[in-house]
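*Asks:* Take this structure, written in structure tokens, and hold onto it; I'll ask about it next.
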Amino acid sequence: MNLFQQLTAKPWLAAGAAPEDLRHPDEAHRAAKKSALWVFLAVVGVLFMLLVFAYGGRMTYGDWRPAPQLKLLWANTFVLILSSVALQWAQVSVRRGQMDAMRVGLLAGGAFTVVFLFGQLLAWRQLGTMGYFDVTNPAIAFFYLITGIHGLHLVGGLVAWGRTAARVWGKFDVAAIRQSVELCTLYWHFLLGVWLVLFGLLFTGNNLDLLLKLCGIR
Amino acid sequence: MSYVAHDASILVPPAEVEEVELYHPKTFVGKYIWSQDAKIIAIQYAITAIGIGVVALVLSWLMRLQLGYPDTFSFIDPSNYLQFVSLHGMIMVIYLLTALFLGGFGNYLIPLMVGARDMVFPYVNMVSYWVYLFAVLLLGASFFVPGGPTGAGWTLYPPQAILAGTPGATWGIILMLVSLAFFIIGFTMGGLNYVVTVLQARTRGMTLMRMPLTVWGIFTATILALLAFPALFVSAIMMLLDLLLGTSFFMPAIVSMGEQAGHTGGSPVLFQHLFWFFGHPEVYIVALPAFGIVSDLISVHARKNIFGYRMMVWAIVIIGALSFVVWAHHMYVSGMNPYFGFFFATTTLIIAIPTALKVYNWVLTLWRGNIHLTVPMLFAIGFVFTFINGGLTGLFLGNPTVSMPLSDTMFVVAHFHMVMAIAPILVVFGAIYHWYPKITGRMLDDTLGKIHFWITFVGSYGIYYPMHYLGMMGVPRRYYAITGTDFITESAHSVNVGITIAALIVGAAQLVFFYNLVRSYFKGKPSGDNPWNATTLEWQTPDTPPKHGNFGATLPLVYRWAYDYSVPGADQDFIPQNVPPKEAAGSGGKT
């Protein structure tokens, strides 16, 4: 029954049990974990959406001073894409039962993520040593805030990744690992998507500015 | 392994597998302190929330003493007064009501009402409580740091919140913001549990539209909270950065205490947008669980199915969705494009439609019902009255032209206390009187309950009704003392004395409630499993109070909605949700 049918059911009309099968507890638990991740992604999505709106809202003021563009961010973006691709490879491999390939993909995904985080720290240092650096410039403060929060989410992801990576050696429960890999992959893809939006709108060129002008807000 | 006999006529497949293994603690500490049982966690949440709520109640007394009897109490100076105002508001809204409705009632009722053994992630649930407790302790600590707690008002508007001159502008505000951040982290852990338990752990037969409205209310409010709290989270972090690292997210170039502060280019209005993007849904985070609970109380104690169940569900969801597009009605005087004002006024007034629909449905449920004026029912009816009163003044404040002259007056204080303080707290009391027998196995004392209700209900009107008139007269809120103003007459001061006396009496009446809670725990009349003859699953447990795992050996199967009261032809005036059609003997046509 789809959601619309469920929400338009008339529960007072007929008593009787709904023909729903009881699921295996493991399956139920997996479904719960997956739902939890989706709900969490919604929360994280709102968090970054609000940050983008705050950035855009602040941009509409006359005294807006854009932050300098950092070329390093292009390289970082590329590395984050690689980490997502590696995890996707791990996911495909675990579904096909190719455990060695899964391990390689998983480890590569984590390694690229660590490289990305170091790259972001390097970008922080670069910006911090520039003549433009002024902590009271909202564009610069926003850059640190937003990249910081995004990085912290990846660090949180690395905790889950680490717990997964520690379990893929020796004998392990394939179904459980498969789900862990799938959840990690989903989370990484999501954070990559968030980063691409942040990078595209805020940290490369004046794209958000352009968008605001198109909408007649700025 | 539990096995349920298969009966093709009722379309229930047999249970196929063993049930989920629960964590079974062995020690007292494992069972009651580091507990992973949602019911224990619920009680931990409730006791903590009510404990800090009592602090906020005492703060309100102190405020009222100052307003009723200015120049009398030497220990209340203007700074203290602002600190009392700020902490009273923040504690009541977030640390009491949000935590109690979602962490308290949510934890206790969701697994029981949907037929689950526990929340889906019990460990995360436990951590959620301990993070909440840490947030409460941080907040409490702010009373003891140099400068005391923040006096910036519960809205914490910058720039004044973090500028010298505002009470608690150093330690107080830091602890406040950090405490809020922890509260939100803890809540998110709990909230994920509540949502996923409702989505994934319902027992067989419990379709979405068979869930009691209590679960719908708490479920929707949790989604609202999960999506709204991030706004408070980012604003707390950004304000902390402004204070500690000298960024200028919210702080404009400003002269403070005769000196140029180091900030340039921040936007205080940006904070207001973020704050109210959280703040308005917060009203419904508190109201929607109250709506759900009161629907069930009215239905059970009027022995009648809820009128318009589907509409009630949809109204909850629609109110929840609309609550995200009305926030700027709190900011009419902050300066905004007039078209925005028009937009926000329109969306605000549209919320009146689903809300009024709910009120009509409550009244229509009562209409020709077999009304039992039990204590929970009295509180439920008290809620409907109070919510209508508070809602009607909302129409005034939703319109920019009427709202502007009333801004920051006692009218606003009266409005929001009616609609989101007294109304939800009446439901909290009604719910405690209703579910206390399930939680403890004993009934609360009826006479004490009625004394508690009447003093609280009538007394609340004694406090807030006159306050509307003060507001219309122009008496401003958050003022320590009003002197040298011609438009505020002597009679206004008399009214203030009356309000203070009413507030002290209502506050003291809560002692009757606490006495009742403690006394009944030891000496109350044993309640049995289902003292109210209710249909929902929490009343059908084999043990009262329910043991860990809730439902004994076998999870219940659900065959009907939650509102089969006074079904024509049925033997009893209620048919529990887990009674199969053929066992509801003689139930004419309603099988």
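*Asks:* Using the charge dipole of the protein assembly as shown (Lys, Arg: +1 at Cβ; Asp, Glu: -1 at Cβ; taken about the Cα centre), state which of B:Gly308, B:Gly186, A:Ser84 has its Cα farthest towards the positive end.
*Replies:* Going by the Cα projections, it comes out as A:Ser84.
*Asks:* Sticking with this one: Is the shape of the protein assembly as shown rounded, prolate or oblate, going by the alpha carbon gyration tensor and its root eigenvalues a ≥ b ≥ c, with a/c under 1.5 for rounded and a/b larger than b/c for prolate?
*Replies:* Oblate.
*Asks:* Further question: Please compute, for peptide A:3-15, the average count of beta-carbon atoms on other protein chains lying within 10 Å of each residue's beta-carbon. The partial results should precede the final answer.
*Replies:* Working: counts 1, 0, 2, 4, 7, 3, 6, 4, 13, 12, 2, 6, 19.
The shielding value for this peptide is 6.
*Asks:* Something else: Working from the alpha-carbon coordinates of chain B, get Rg over Rh, Rh being the Kirkwood radius. Mind showing how you got there, number by number?
*Replies:* On the way: Rg = 24.6 Å, Rh = 25.1 Å.
So for chain B, dividing Rg by the Kirkwood Rh gives 0.98.
*Asks:* Among B:Thr535, B:Pro476, B:Ala287, which residue has its Cα positioned farthest towards the positive end of the charge dipole of chain B, with +1 placed on the Cβ of Lys and Arg, -1 on the Cβ of Asp and Glu, and the dipole taken about the Cα centre?
*Replies:* B:Thr535
*Asks:* Still on this structure, please answer the following. With just the Cα atoms defining each centre, how far is the range A:27-65 from the range A:177-218? Give it in Å.
*Replies:* 10 Å
*Asks:* Inside 10 Å of the C-beta atoms of B:263-274, what's the mean count of C-beta atoms belonging to other chains?
*Replies:* Numbers: counts 2, 6, 11, 5, 6, 0, 3, 7, 1, 0, 4, 5.
Taking the mean over all residues of the peptide, I get 4.
*Asks:* Beyond 19 Å between alpha-carbons counts as too far, so tell me which of B:Lys26/B:Lys547; B:Lys31/B:Lys547; B:Lys39/B:Lys523; B:Lys304/B:Lys358; A:Lys33/B:Lys547; B:Lys304/B:Lys547 fall in that bin. Write out the running numbers ahead of the final one.
*Replies:* Working: B:Lys26/B:Lys547 14 Å; B:Lys31/B:Lys547 11 Å; B:Lys39/B:Lys523 22 Å; B:Lys304/B:Lys358 16 Å; A:Lys33/B:Lys547 25 Å; B:Lys304/B:Lys547 30 Å.
In this structure, B:Lys39/B:Lys523; A:Lys33/B:Lys547; B:Lys304/B:Lys547 exceed 19 Å between Cα atoms.
*Asks:* Right, something else. In whole Å, what is the distance between the alpha-carbon centres of the range B:83-153 and the range B:197-223?
*Replies:* Comparing the Cα centres of the range B:83-153 and the range B:197-223, I get a distance of 22 Å.
*Asks:* Something else: Across the range B:24-34, in residue order, what do the Karplus-derived ³J(HN,Hα) couplings come to in whole Hz, using 6.51 cos²θ - 1.76 cosθ + 1.60 with θ = phi - 60° and x for Gly and Pro?
*Replies:* Taking θ as phi minus 60°, the curve returns 10, x, 9, 9, 4, 4, x, 8, 10, 9, 8 Hz for the range B:24-34.
*Asks:* Hey, another quick one. Calculate the FRET efficiency for B:Met473 and B:Phe143 from the Cβ-Cβ distance with a Förster distance of 30 Å, rounded to the nearest 0.05.
*Replies:* With a Förster radius of 30 Å, E is 0.35.
*Asks:* Whole angstrom only: what separates the Cα centroid of the range B:284-363 from the Cα centroid of the range A:125-150?
*Replies:* A separation of 42 Å, based on Cα centres.
*Asks:* A follow-up question, please. Partner chain Cβ atoms within 10 Å, averaged over the residues of A:38-47 - can you pull that number for me?
*Replies:* Values: counts 3, 12, 7, 0, 5, 11, 2, 2, 10, 6.
Average neighbour count from other chains, rounded to a whole number: 6.
*Asks:* Long-range amide H contacts for B:Thr247: which residues qualify at under 5 Å (H placed 1.01 Å from N, peptide plane, sequence gap of 5 or more or a different chain)?
*Replies:* B:Asp242
*Asks:* Another question, then. What do you get for the angle between helix B:309-322 and the principal long axis of chain B? Use alpha-carbon atoms, 0 to 90 degrees, nearest ten.
*Replies:* 30 degrees
*Asks:* Right, next: Using a simple charge model, +1 on the beta-carbon of Lys and Arg, -1 on the beta-carbon of Asp and Glu, nothing else, what dipole does the protein assembly as shown show about its Cα centre, in debye to the nearest 20?
*Replies:* The calculation lands at about 1020 debye.
*Asks:* Under a point-charge model restricted to the Cβ atoms of Lys and Arg (+1) and Asp and Glu (-1), what is the dipole moment magnitude of the range B:449-591 relative to its Cα centre, in debye to the nearest 20?
*Replies:* For this selection, approximately 240 debye.
*Asks:* Compute the distance in nm between two label points, each set 7 Å from the Cα along the Cα-to-Cβ direction, one at B:Phe134 and one at A:Ala160.
*Replies:* Modelled inter-label distance: 2.0 nm.
*Asks:* Restricting to DSSP H runs of at least four residues, report the calculated mean residue ellipticity at 222 nm for the protein assembly as shown, -39500 (n - 2.57) per run over all residues, nearest 500 deg cm²/dmol.
*Replies:* On the way: 23 runs with 486 residues, N = 809.
Rounded to the nearest 500, it is -21000 deg cm²/dmol.
*Asks:* Sort B:Val195, B:Val286 so the one with the fewest other Cβ atoms within 10 Å of its own Cβ comes first.
*Replies:* On the way: B:Val195 26, B:Val286 29.
Ranked by crowding around the Cβ, least crowded first: B:Val195, B:Val286.
*Asks:* Relative contact order, percent, of chain B when contacts are C-alpha pairs under 8 Å separated by at least 6 residues? Intermediate values should be presented prior to the final figure.
*Replies:* On the way: 975 pairs, mean separation 86.4, N = 591.
15 percent.
*Asks:* Compute the acute angle (0 to 90°) between the alpha-carbon long axis of helix B:352-366 and the principal axis of greatest extent of the alpha-carbon atoms of chain B; round to the nearest 10°.
*Replies:* 40 degrees
*Asks:* Computed over the Cα atoms of the range A:150-218, what is the convex hull's projected area averaged over all directions, in nm²?
*Replies:* On the way: hull surface 23.7 nm².
Its average projected convex-hull area is 5.9 nm².
*Asks:* Roughly how many debye, to the nearest 20, is the charge dipole of chain B about its Cα centre, given +1 on each Lys and Arg Cβ, -1 on each Asp and Glu Cβ, and no other charges? The partial results should precede the final answer.
*Replies:* Working: 25 positive and 25 negative charges, 185 e Å.
Computed about the Cα centre, the dipole is about 880 debye.
*Asks:* Something else now. Treating the angle as unsigned and between 0 and 90°, give the value, to the nearest 10°, between the Cα long axis of helix B:171-200 and the longest Cα principal axis of chain B.
*Replies:* So the helix axis and the longest Cα principal axis differ by about 20 degrees.
*Asks:* Here's a follow-up. Let me know the longest stretch in chain B that avoids all GluC sites (Glu not before Pro) found in a DSSP loop with at most 14 other C-beta atoms within 10 Å.
*Replies:* Working: sites that count: B:Glu16, B:Glu18, B:Glu21.
Excluding the exposed sites themselves, the longest stretch runs over B:22-591.
Read the figures in this text as sums done on the coordinates, not as results from a lab. If you're wondering where the values come from, they're calculated on a predicted model, not measured in any experiment. When we count neighbours, we look across all protein chains shown, and the Cβ atoms used for this are built from the backbone with ideal geometry, even at glycine.
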